[in-house]
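Reviewing the structure listed below.
The values are calculated or read from the model by the stated rules, or taken from the named source; none is laboratory data. Only a predicted model underlies this, so the values are computations on that prediction, with no experimental measurement involved. FYI the Cβ positions are ideal-geometry reconstructions off the backbone, even for glycines, and counts take in every protein chain you see. These area figures cover heavy atoms from the full protein model, side chains too; ligands, DNA and RNA do not enter into them. Shrake-Rupley method; radii C 1.70, N 1.55, O 1.52, S 1.80 Å.
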Amino acid sequence: MDLLDWHRGRLSSRRLAVLIRHLPRDGAVARETEGEAAEWSVGDYLLAHAVDQLAQANWMFATVNQDEDADPLDPPTPLARPGADSVPDAGDEQPPAPVDPNPTAVQLAAFFS
């Protein structure tokens, strides 16, 4: 199909809009407009989230069951996702406050109860 067919009147605007709307999600246009995120489906995002949650649960289990005198374990690093390293616009938003990765005794008790 040639896009000049639309200009020549052999392809209606409605048909062209339908063709554009139904372009493949993993096609070149989607990769160009959405970047690396076009290659990730909803299932991929859900799987990455499940892996992150499992790593967090394993870290919490190991933290609770280690010796009291042992050095604290480093928290797990989440899987990289498309667009996660992009810098947000520097507007009126303040950067989020750093979060202490070590859970408190109350948080651990609530998690395991």
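Beta carbons closer than 9 Å, at least 6 apart along the sequence or on distinct chains, pair a first residue in the stretch 39-63 that is under 21 Å from residue 73 (Cα atoms) and in a helix (DSSP H, G or I) with a second that is open to solvent by 70 Å² or more (accessible area, probe 1.4 Å) and among the aromatic types (Phe, Trp, Tyr) for 57/111; 60/111; 60/112. Counting just the residues of the stretch 10-38 that are open to solvent by 70 Å² or more (accessible area, probe 1.4 Å) and assigned to a loop (DSSP other than H, G, I, E, B), which one comes out farthest from residue 78 (Cα to Cα)? Within the stretch 10-38, the match that is farthest from residue 78 (Cα to Cα) is 10.
Checked against (1) open to solvent by less than 80 Å² (accessible area, probe 1.4 Å); (2) more than 17 Å from the chain's Cα centre (by Cα), residue 7 passes all but a single condition, namely (1).
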